[in-house]
1. Would you mind calculating the gained length between Ser191 and Arg262 on full extension (0.36 nm times residue separation, minus the Cα-Cα distance), in nm to one decimal?
2. Can you figure out the FRET efficiency of Trp253 with Ser59, using R₀ = 45 Å and their beta-carbon distance, to the nearest 0.05?
3. Could you check the simple spin-label distance between Ser199 and Ala51, using points 7 Å along Cα→Cβ, in nm with one decimal?
4. Taking trypsin sites (Lys or Arg not before Pro) as exposed when DSSP calls them loop (any state but H, G, I, E, B) and at most 16 other Cβ atoms lie within 10 Å, what is the longest stretch of the chain free of them, the sites themselves excluded?
5. Show me, for region 64-79, the HN-Hα J-couplings you get by feeding each phi into the Karplus relation (A = 6.51, B = -1.76, C = 1.60, θ = phi - 60°), rounded to Hz, glycine and proline as x.
6. What is the sum of charges around Phe64, taking Lys and Arg as +1, Asp and Glu as -1, for the other residues whose C-beta is under 15 Å from the C-beta of Phe64?
7. Convert each backbone phi in region 111-127 into a coupling constant with the Karplus relation 6.51 cos²θ - 1.76 cosθ + 1.60 (shift: θ = phi - 60°), then list the ³J(HN,Hα) values in order as whole Hz, x for Gly and Pro.
8. Can you list the residues, at least 5 places off or on another chain, whose amide H is less than 5 Å from the amide H of Ile203, using H built in the peptide plane?
Amino acid sequence: MLPILYGLASALSWGAGDFTGGLAARKVGAYRSVFYAEVIGIILLILALNATREPILTSRSAVFAMLAGVLGTIGLMLLYHAMSVGMMSIAAPVSALLAAMLPVVFGMFTEGLPDYLTLIGFGFALFAVWMISQGAGGVTDILSHLSDLKLPLLAGIGFGCYFVLIHEATKSGGTVWPMIFSRSGGIALISTYLLITRSSWKIDTSALPIISVNGVLDLGGNFFFILAGQAGRLDVSSVLSSLFPGATVVLAWIFLKERLNRNQWIGIASALIAIVLMTL
């Protein structure tokens, strides 16, 4: 049960983080909101070291963690860009599906096949990710905008690689140091991007509270994902963590009064079925 509970906690935290991150991006722009959320996160992690006194990572684990941060941040930047130039209903499900599928394939090669109920649960969970992220047009929108798939696919590869690499970095234990190295890689990448594009670093200070909440929630998502991977299989933790769009749309439904369409309700029901199958 622990990997399932941690995986669900990760999905809830990441989903709420995407919700607050979207609000922050409206105020200061997507890349700056991600950068300052990462900075706030790494400050909190350094403070946490005093309490945990975790031993520092081996050089191998540190490299894996930094690569995870770089590729995950690339995925995030590509996803935000895809959403700004294309259709959100295409970018979200395609990237989330690929992010879930890559660790499943990797896990099957490295850990063997899970039991058949878990495999069926994977199917329901992947279907849930797809449906929860859909707009009202559903698959019709996807088929009519195939040219918009390139960036979401690349973003999904970035997220999937993040799942695999951060799992490899934390096999020997630890949670704080892996996240510090991961965030260091992400901050270095975004800083380079902002310098090359000569983008402004200034933000409206009134956005700092929501950016801070976003940073904390993103930390929570990473923390619970790491625990899920350490307690069980990579594929189970990755699939459950990839249900994060469900938390985002439910929060938007509650706080922004956005209506859930039929596809999203079907996706939520499918996610519940997947959770039940994985716990049997």
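No lab work stands behind these numbers, since they all come straight from the coordinates. What you are looking at is a predicted structure, and each value in this text was computed from that prediction instead of being measured. Here Cβ is always computed from backbone atoms with ideal geometry, including for glycine, and neighbour counts include all displayed protein chains.
1. Details: separation 71, 0.36 × 71 = 25.56 nm, distance 4.08 nm.
Roughly 21.5 nm would be gained on extension.
2. 0.50
3. Placing both labels 7 Å beyond Cα along the Cβ direction yields 3.1 nm.
4. Details: sites that count: Arg53, Lys171, Arg198, Lys202, Lys257, Arg259.
No qualifying site falls inside 54-170, the longest such stretch.
5. 4, 5, 5, 4, 4, x, 5, 5, x, 5, 4, x, 5, 5, 5, 5
6. Numbers: positive: Arg60, Lys171, Arg183; negative: Glu168.
In short, +2.
7. In residue order, the calculated couplings are 10, x, 6, x, 5, 5, 5, 5, 4, 5, x, 4, x, 5, 5, 5, 5 Hz.
8. Counting only residues 5 or more places away or on other chains, the set is empty.
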